[in-house]
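Chemist: I have a structure here, written as structure tokens, and I will follow up with some questions on it.
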Amino acid sequence: MSLDAGGTNATARAGLNGQTPRCTHIDLLPDVEPGSPECKECLALGRTWTRLLVCLSCGWVACSDDGRPGHARAHYQETDHPVVAALDAGSTWRWCYVHRRTV
């Protein structure tokens, strides 16, 4: 086991090849059911979306940053729910807003 400067187990935090710290946010996620497959904010504004994301903390579904206005990011900024996933069937893509990377 290797320790970092703070005396914490650095090996347990490491990702593949020890290069990237592991995102612990995914370990804390509850099981959630996604809401309806639409961005309610976009519908209210009469806009369309390019891709939908689901919040893995609460199941809220919103549009991605692929097109404006990016309601999924706004949801993160309002709630601090850190991880979203693509709502596409069969997708395993997940994004952590805190670490600003896929997880």
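The values are calculated or read from the model by the stated rules, or taken from the named source; none is laboratory data. Computed from a predicted structure; not experimentally measured. FYI the Cβ positions are ideal-geometry reconstructions off the backbone, even for glycines, and counts take in every protein chain you see.
Chemist: Applying the selection to the stretch 55-64, what residues are under 12 Å from the mean Cα position of the chain (by Cα) and either part of a loop (DSSP other than H, G, I, E, B) or over 17 Å from Asp27 (Cβ atoms) (or both)?
Modeler: Leu56, Ser57, Cys58, Gly59, Trp60, Val61, Ala62, Ser64
Chemist: If you don't mind, there's one more thing I want to ask. Given the options Cys23, Cys58, name the one that is surrounded by 10 or more Cβ atoms within 10 Å (Cβ to Cβ) and either at pLDDT below 90 or touching a strand residue (DSSP E or B) at 6+ places or on another chain (Cβ under 9 Å) (or both).
Modeler: Going through Cys23, Cys58 in turn, just one is surrounded by 10 or more Cβ atoms within 10 Å (Cβ to Cβ) and either at pLDDT below 90 or touching a strand residue (DSSP E or B) at 6+ places or on another chain (Cβ under 9 Å) (or both): Cys23.
Chemist: Among the residues of the stretch 29-55, write down those that are exposed (fewer than 13 other Cβ atoms within 10 Å of the Cβ) and in contact with a Cys (Cβ under 8 Å, 6 or more places away or on another chain).
Modeler: Passing the criteria: Thr48, Thr50.
Chemist: For a quick check of your reading of the model, give me the residue pairs whose first member lies in the stretch 53-71 and is free of Cβ contacts under 8 Å to residues at least 60 places away in the same chain and closer than 13 Å to Asp88 by Cα, whose second is outside any loop (DSSP other than H, G, I, E, B) and of a type in the set (D, E, K, R), with beta-carbon atoms closer than 7 Å and at least 6 apart or on different chains.
Modeler: What qualifies is Ala62/Glu41.
Chemist: Quick one: would you say Ala85 is in a helix (DSSP H, G or I), in contact (Cβ under 8 Å) with a residue 12 or more places away in the chain, closer than 17 Å to Ile26 by Cβ and small (Gly, Ala, Ser)? Steps first, answer last, please.
Modeler: Values: in a helix (DSSP H, G or I): no; in contact (Cβ under 8 Å) with a residue 12 or more places away in the chain: yes; closer than 17 Å to Ile26 by Cβ: yes; small (Gly, Ala, Ser): yes.
So Ala85 fails the test.
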